[in-house]
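**Student:** Please read through the structure below; I'll follow up with questions.
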Amino acid sequence: MSMVYLDNAATTPVAPEVVAAMMEVYQTVHGNPSSSHAVGRKAKALVETSRRRIAEHLNCPARSICFTSGGTEADNHALQAAVSCLKVTRIITSQAEHSAVIKASQNAGMEGVEVVHVKHLPDGGVDLNHLEQLLSDSQAKTLVTLMHANNEVGVILDIRKVGAMCTAHGALFHSDTVQTMGHYAMDLSELNIDFLACSAHKFHGPKGTGFLYTNPALRIEGMIVGGGQERAMRGGTENVAGIVGLTKAFDEAFAHMAPHEAHIRGLKRRMVEGLKQRIDGVEFNGHSDGEDRLYTVLNVKFPPHPNGGMATFLLDLEGIACSGGSACSSGATTGSHVLRALGFHDETRASVRFSFSRYTSESDIDSALEAVTKVFGVLELAD
């Protein structure tokens, strides 16, 4: 049985053209970018060309891009630098953030930084009125850290508006854009964002590669010390093949963004309509079925069912790879911290996240609908 992969918010398949670009580097460019000889200079040229390509897509200076191992490292670097280098003493964040941001904020809290949480609206969005109040309440040097799009329910933050609010109050703004980078166009010259995190494997690039964007007006230090690579922002020999793969994936994402989005939106609509037709009482957490939500993610809340506690396991047995949301009646897990924070967790109902990519097909959606019907079909009541 072949698997249908609908867990693209967790990671995406590496594009063949990305694999080809990386293999060429592995086979022909084996120098250390820090070496001064010709072989090393060739590797260095690939790194710097990649940096410039990414900066061109985002309309920002190349020096503002620091290559990392992914989004988690970028998030940690931003928060640690804000506290240690920029003297931030107050962090405003959300309890629905990625664990990297939550735990980095907690670590800052243990060092004396005040950590406060902005409220969410009933639909899962950030309460911007409450954010405005929190920004107005204190004169402390503040960092606001809020993700661009929630990785579980697809709620999208108006980063333009939040950036303007932060600027008006003299606060710094960090956003984890891991779920949106490569899926939405961004012009950083028009956005008041101080830190931005990216991970290549969310848009068909390699795992273990990403970058941190830092506002070039800021002066921060590296989190990982060593040989002074990445302009002393990240010690350690650069992952040249990974950086080339990241850039190739970035180029492909931006070159074909509109048709990829149209394709995925069509698949998502097919999934939504199919679920509504097949499962009575089905709901979508955070209105994730809406056109104004992250188009790659659909978070489904199924009606109470004996199979709910093993939903992702049973779907896996049916050949569908997806991810779990809140725990159900089995109580086997504590459930998603995101669904709990947003008020969508229900002990009696299974929540499952399906997420799509440009490689997802209509037949994949149809197979998933068949599997869902089998797992959550109408119960036959005994006489």
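The values are calculated or read from the model by the stated rules, or taken from the named source; none is laboratory data. This is a predicted model, so every value here is computed, not measured. Positions of Cβ are generated from backbone atoms using ideal geometry, with glycine treated the same way; all protein chains shown enter the neighbour counts.
**Student:** Out of all the residues in the stretch 67-93, which are assigned to a loop (DSSP other than H, G, I, E, B), among the hydroxyl-bearing types (Ser, Thr, Tyr) and touching a residue at least 60 places away in the same chain (Cβ under 8 Å)? Don't jump to the end; show me each part of the working.
**Tutor:** Filtering the stretch 67-93 down to residues assigned to a loop (DSSP other than H, G, I, E, B) leaves 69-70, 85-89.
Adding the requirement that they be among the hydroxyl-bearing types (Ser, Thr, Tyr) leaves 69, 89.
The one that is assigned to a loop (DSSP other than H, G, I, E, B), among the hydroxyl-bearing types (Ser, Thr, Tyr) and touching a residue at least 60 places away in the same chain (Cβ under 8 Å): SER69.
**Student:** Consider THR334 carefully, then state whether it is assigned to a loop (DSSP other than H, G, I, E, B), farther than 28 Å from ASP127 by Cα and either at pLDDT 95 or above or not aliphatic (A, V, I, L, M) (or both).
**Tutor:** No, not satisfied.
**Student:** So which pairs qualify, if the first residue must be in the stretch 198-212 and within 15 Å of SER357 (Cα to Cα) and at pLDDT 95 or above, the second must be assigned to a loop (DSSP other than H, G, I, E, B) and among the basic types (Lys, Arg), the Cβ gap must be under 9 Å, and the two must be at least 6 apart or on different chains?
**Tutor:** Pairs found: ALA200/LYS207; HIS201/LYS207; HIS204/ARG358.
**Student:** Considering (1) outside the structural domain of VAL101 (by TED's automatic domain parsing); (2) not in a helix (DSSP H, G or I), say which one ILE264 fails and leave the rest.
**Tutor:** Here ILE264 meets the rest and fails (2).
Yes/no per residue for (1) surrounded by 21 or more Cβ atoms within 10 Å (Cβ to Cβ); (2) within 15 Å of LEU128 (Cα to Cα); (3) of a type in the set (A, V, I, L, M):
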| position | (1), (2), (3) |
| --- | --- |
| ILE159 | yes, yes, yes |
| VAL162 | yes, yes, yes |
| PHE173 | yes, yes, no |
| GLN179 | yes, no, no |
| ALA185 | no, no, yes |
| LEU191 | no, no, yes |
| CYS198 | yes, no, no |
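**Student:** Do you know which of the residues in the stretch 1-22 that are small (Gly, Ala, Ser) and outside any loop (DSSP other than H, G, I, E, B) is surrounded by the most Cβ atoms within 10 Å (Cβ to Cβ)? Talk me through it step by step, then tell me what you get.
**Tutor:** Step one: list which residues in the stretch 1-22 are small (Gly, Ala, Ser), which gives 2, 9-10, 15, 20-21.
From what is left, the residues that are outside any loop (DSSP other than H, G, I, E, B) are 20-21.
Working: ALA20: 11, ALA21: 22.
Looking at the filtered set, the residue picked out is ALA21.
**Student:** If you don't mind, another one. In this structure, is GLY325 modelled with pLDDT under 95 and assigned by TED's automatic domain parsing to the domain that holds ALA262?
**Tutor:** So GLY325 passes the test.
**Student:** For the condition part of a loop (DSSP other than H, G, I, E, B) and among the small types (Gly, Ala, Ser), what is the one hit in GLY154, GLY163?
**Tutor:** Selected residue: GLY154, the only one of GLY154, GLY163 that is part of a loop (DSSP other than H, G, I, E, B) and among the small types (Gly, Ala, Ser).
**Student:** I would also like to ask the following. Suppose we keep only residues that are in contact (Cβ under 8 Å) with a residue 24 or more places away in the chain and of a type in the set (A, V, I, L, M) within the stretch 293-315. Which one would you say is surrounded by the fewest Cβ atoms within 10 Å (Cβ to Cβ)?
**Tutor:** Among those that are in contact (Cβ under 8 Å) with a residue 24 or more places away in the chain and of a type in the set (A, V, I, L, M), it is LEU314.
**Student:** May I ask you to verify whether GLU230 is of a type in the set (Asp, Glu), at positive phi, touching a residue at least 24 places away in the same chain (Cβ under 8 Å) and in a helix (DSSP H, G or I)? If you could, list the steps in order and put the result at the bottom.
**Tutor:** Details: of a type in the set (Asp, Glu): yes; at positive phi: yes; touching a residue at least 24 places away in the same chain (Cβ under 8 Å): yes; in a helix (DSSP H, G or I): yes.
Yes; evaluated as a whole, the condition is true for this residue.
**Student:** Any residue at all in the stretch 123-140 that's assigned to a loop (DSSP other than H, G, I, E, B), touching a His at 6+ places or on another chain (Cβ under 8 Å) and touching a residue at least 60 places away in the same chain (Cβ under 8 Å)?
**Tutor:** Scanning the stretch 123-140, I find at least one residue that is assigned to a loop (DSSP other than H, G, I, E, B), touching a His at 6+ places or on another chain (Cβ under 8 Å) and touching a residue at least 60 places away in the same chain (Cβ under 8 Å), so the answer is yes.
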